[in-house]
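One structure below.
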Amino acid sequence: MTFSRRTLIKASAASAVLGSIGAPLQALSQAIGPSTSFRSYNYNRRYIRHRNFQVELAEVSYTSGERDRLDATFLIRSAFGSTYGVMFEARNENLRGYFLRHKDFRLVMGKMPPPGSPDRERFINDATWNWAPGLADRSDDRRYRSYFSANFRDRFIRHRGFQLFLDRIDTSKPLDQADATFQIENPGLKPA
């Protein structure tokens, strides 16, 4: 079973604003914070992190080196032209302007094209995410979340073999749900 477009839009609209239609981004920032890390639901010592512009699920902790913690921490940005969408920018000073995006259904870090570039609109669409309560644990949507693509609303961020993909999720399979659920760590492994 996969989510219907109507279900996804309804979940996105309802949960993304946390009950505050007038200020969805403000509510999101209050719930997540300006700097956050995403811990795997089913591998609780592993976080989403980037390394050499690839995105993976890796073991990182508060005692890891600063670079590892930075690579597993993202800045929350408002998505261009989206009321509810967000973008995740690299926390590293030398990677500002690089965002978590999908390319050929794999997650990578990509540099935002300059204004006026013919690739900019596609990049923004590929780097914009909406969220729903965690597919594996809906008990606390401020703690557990699942993220789906703004331009492929039936596909969620999901890990497989410790790599990150944009996949359709079979909600009848607990493993699929767990692989697409992340625990929000605020203020992240590298505080702002």
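A few remarks follow.
- Selection status of Arg158, surrounded by 21 or more Cβ atoms within 10 Å (Cβ to Cβ) and under 18 Å from Asp104 (Cβ atoms): yes
- Any hit, the stretch 74-93, residues being over 14 Å from His50 (Cβ atoms), charged (D, E, K, R) and at pLDDT 95 or above: no
- If the condition is being surrounded by 14 or more Cβ atoms within 10 Å (Cβ to Cβ), of a type outside the set (Lys, Arg) and out of contact with any Pro (no Cβ under 7 Å at 6 or more places or on another chain), then the stretch 106-126 contributes Leu107, Val108, Met109, Gly110, Met112, Pro113, Ile124, Asn125, Asp126.
- A search for C-beta distances below 7 Å between a residue of the stretch 57-68 that is surrounded by 11 or more Cβ atoms within 10 Å (Cβ to Cβ) and any residue that is acidic (Asp, Glu), counting only pairs 6+ apart in sequence or on different chains, returns Val60/Asp68.
- Scanning the stretch 111-150 for residues that are assigned to a helix (DSSP H, G or I) and touching a strand residue (DSSP E or B) at 6+ places or on another chain (Cβ under 9 Å) yields Phe123, Ile124, Asn125, Asp126.
The values are calculated or read from the model by the stated rules, or taken from the named source; none is laboratory data. Everything numeric in this text was worked out from a predicted model, so none of it was measured. For neighbour counting, all protein chains shown are included, and Cβ atoms are generated from backbone atoms with ideal geometry for every residue, glycine included.
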